[in-house]
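> Got a structure here, written out as structure tokens. Questions coming.
The values are calculated or read from the model by the stated rules, or taken from the named source; none is laboratory data. Treat the numbers as computed from the prediction; the structure is a model and nothing was measured. Here the Cβ positions follow ideal geometry from the backbone for every residue, glycine too, while neighbour counts run over all protein chains shown.
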Amino acid sequence: MGIGQVLSDTFGMVKARFGPLLGLWAIYFALMIGVYIVFLVGIAGMAGVAVLATTATSDPLAAGAGVIVTAILFFIGYLLVAMAQYASLITMASPLKQVTVGEALGAGWRAAPALLLLMIVLFIAYLVGGLAVGLVGTVFSVLGDWGSGLFAILLIPVVVWLGCRLSLLFSVIAVDEVRNPIKAIARSWNLTRGHALKIFLVSLVFMLILLVLCGLALLPSLGLIMSMADPTAFAEGGPAAGSAVGGILLLIAGIFVVSVLYNLAYCAFLAVIHGTLSDAAGEGAAEAFA
């Protein structure tokens, strides 16, 4: 797995499938807004019920429980939409597949429950691992501050290594359609065997490139934002007032656009690494860029 090749394929895939990727993102953005609206309406309704129950000297616990249930359902709905979005984008950007927007949507929603279950499994593993790490850290802390520092130094590479070994989980579930979370972890573990260092290095270079590109994209608004440092910027008739407001609006718009492009590029990056490390990567990539 070459670093240069992965980066080239990532940006090439974003360029080749930018329209469908952006369309998928827009669909899920609209769905997310819908989830928020339903949540706000539900919370407002439950709050109204709680007020009426309190006014009528009835037991308001049921209404309070309704608010909690509504919040839980919103959180689950939010996670499902978010999981489906990542799965759809990764499927669309995968060099192993040629899919339509509709097919990518279907793949995302089929993968969402498995991804949610995977998050639960990983959370449980995190709690168990955190307990074990805490016990080991207690042993090191007996040695004093330098012992705690040594433990932190030893822990960071382990966490990074685990992250690299499990970096293909979303791709495995979305593209390979492995729905069992344990089997998905095992497949990601097998695919990344011997490649953890390369995955870390290419991820580091990828993030640095994105940071530079994001900085350049937001650069036009920085000069306008600097005008806010002028005490007279927002004074009545102040010459810098218009430019300061324009800079803020431009910065907000720039951050929004950058976040969208980052999301698309990151999903393509995961898809390309998965495709590169899969057995059919060469054939799939050749079809994608043909």
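> With the requirement that a residue be hydroxyl-bearing (Ser, Thr, Tyr) and either part of a loop (DSSP other than H, G, I, E, B) or touching a residue at least 24 places away in the same chain (Cβ under 8 Å) (or both), what does the stretch 1-17 give you? Write out each step before concluding.
If we filter the stretch 1-17 for residues that are hydroxyl-bearing (Ser, Thr, Tyr), which is where we start, we get 8, 10.
Thr10, the sole residue that qualifies.
> Here's a follow-up. Can you find a residue in the stretch 122-130 that is at pLDDT 80 or above and closer than 24 Å to Ala271 by Cβ? Break it down into steps so the answer makes sense when it comes.
Taking the stretch 122-130 first, the residues at pLDDT 80 or above are 122-130.
Of the ones still in play, those that are also closer than 24 Å to Ala271 by Cβ are 122.
Yes, the stretch 122-130 contains at least one residue that is at pLDDT 80 or above and closer than 24 Å to Ala271 by Cβ.
> Looking at this structure, is Val101 touching a Ser or Thr at 6+ places or on another chain (Cβ under 9 Å), surrounded by 13 or more Cβ atoms within 10 Å (Cβ to Cβ), closer than 27 Å to Met13 by Cβ and among the β-branched types (Val, Ile, Thr)?
Numbers: touching a Ser or Thr at 6+ places or on another chain (Cβ under 9 Å): yes; surrounded by 13 or more Cβ atoms within 10 Å (Cβ to Cβ): yes; closer than 27 Å to Met13 by Cβ: yes; among the β-branched types (Val, Ile, Thr): yes.
Here the answer is yes, as Val101 does meet what is asked.
> Name the residue that is farthest from the chain's Cα centre (by Cα), counting only residues in the stretch 166-223 that are among the small types (Gly, Ala, Ser) and at pLDDT below 90.
So the residue we want is Gly223.
> Considering (1) among the aromatic types (Phe, Trp, Tyr); (2) surrounded by fewer than 16 Cβ atoms within 10 Å (Cβ to Cβ); (3) at pLDDT 85 or above, say which one Trp146 fails and leave the rest.
(3)
> Next question. If we keep just the residues of the stretch 250-290 that are in contact with a Leu (Cβ under 9 Å, 6 or more places away or on another chain) and not in a helix (DSSP H, G or I), which is modelled with the lowest pLDDT? Give the derivation first.
Quick first cut of the stretch 250-290, residues in contact with a Leu (Cβ under 9 Å, 6 or more places away or on another chain) only: 250-251, 254-255, 258, 260-275, 277-278, 280-281, 283-285, 287-288.
Filter once more, so that each one left must be not in a helix (DSSP H, G or I): 278, 280.
Values: Ser278: 86, Ala280: 37.
Going through the qualifying residues, I end up with Ala280.
> Could you check the stretch 50-86 and list, in sequence order, the residues that are assigned to a helix (DSSP H, G or I), at pLDDT below 60 and not polar (S, T, N, Q)? Step through it out loud before you land on a result.
Looking only at the stretch 50-86, we keep the residues that are assigned to a helix (DSSP H, G or I), and these are 50-55, 61-86.
Going one step further and asking which of them are at pLDDT below 60, we end up with 50-55, 61-63.
Ala50, Val51, Leu52, Ala53, Leu61, Ala62, Ala63 - these are the residues of the stretch 50-86 that are assigned to a helix (DSSP H, G or I), at pLDDT below 60 and not polar (S, T, N, Q).
> Since Ala111 meets every condition but one in (1) assigned to a helix (DSSP H, G or I); (2) surrounded by fewer than 15 Cβ atoms within 10 Å (Cβ to Cβ), which condition does it not meet?
With (1) assigned to a helix (DSSP H, G or I); (2) surrounded by fewer than 15 Cβ atoms within 10 Å (Cβ to Cβ) applied to Ala111, the lone miss is (2).
> Checking the structure you have, find out if any residue of the stretch 224-234 is among the polar types (S, T, N, Q), farther than 30 Å from Leu277 by Cα and either modelled with pLDDT under 70 or part of a helix (DSSP H, G or I) (or both). First the steps, then the outcome.
Keep residues of the stretch 224-234 that are among the polar types (S, T, N, Q), which gives 227, 232.
Next, only the ones that are farther than 30 Å from Leu277 by Cα stay: 227, 232.
Filter once more, so that each one left must be either modelled with pLDDT under 70 or part of a helix (DSSP H, G or I) (or both): 227, 232.
Yes, some residue in the stretch 224-234 is among the polar types (S, T, N, Q), farther than 30 Å from Leu277 by Cα and either modelled with pLDDT under 70 or part of a helix (DSSP H, G or I) (or both).
> Suppose the filter is surrounded by 15 or more Cβ atoms within 10 Å (Cβ to Cβ), part of a helix (DSSP H, G or I) and in contact with a Gly (Cβ under 9 Å, 6 or more places away or on another chain); does Leu89 pass it? Even if it seems obvious, please write down each step before you answer.
Numbers: surrounded by 15 or more Cβ atoms within 10 Å (Cβ to Cβ): yes; part of a helix (DSSP H, G or I): yes; in contact with a Gly (Cβ under 9 Å, 6 or more places away or on another chain): yes.
Taking the combined requirement at face value, the residue satisfies it.
> Among the residues of the stretch 133-175, which ones are touching a residue at least 60 places away in the same chain (Cβ under 8 Å), within 18 Å of Leu122 (Cβ to Cβ) and not in a helix (DSSP H, G or I)?
Ser167, Leu168
> Let me ask another. Do any residues in the stretch 18-33 that are under 12 Å from Tyr86 (Cα atoms) have Cβ atoms under 6 Å from those of residues that are surrounded by 15 or more Cβ atoms within 10 Å (Cβ to Cβ) and among the hydroxyl-bearing types (Ser, Thr, Tyr), where the two are at least six apart or on different chains, and which pairs are they?
Within 6 Å, the pairs are Leu24/Ser88.
> Which residues, taken from the stretch 255-272, are touching a residue at least 12 places away in the same chain (Cβ under 8 Å), over 13 Å from Leu21 (Cα atoms) and out of contact with any Ser or Thr (no Cβ under 8 Å at 6 or more places or on another chain)?
Across the stretch 255-272, the qualifying residues are Ile255, Val257, Val258.
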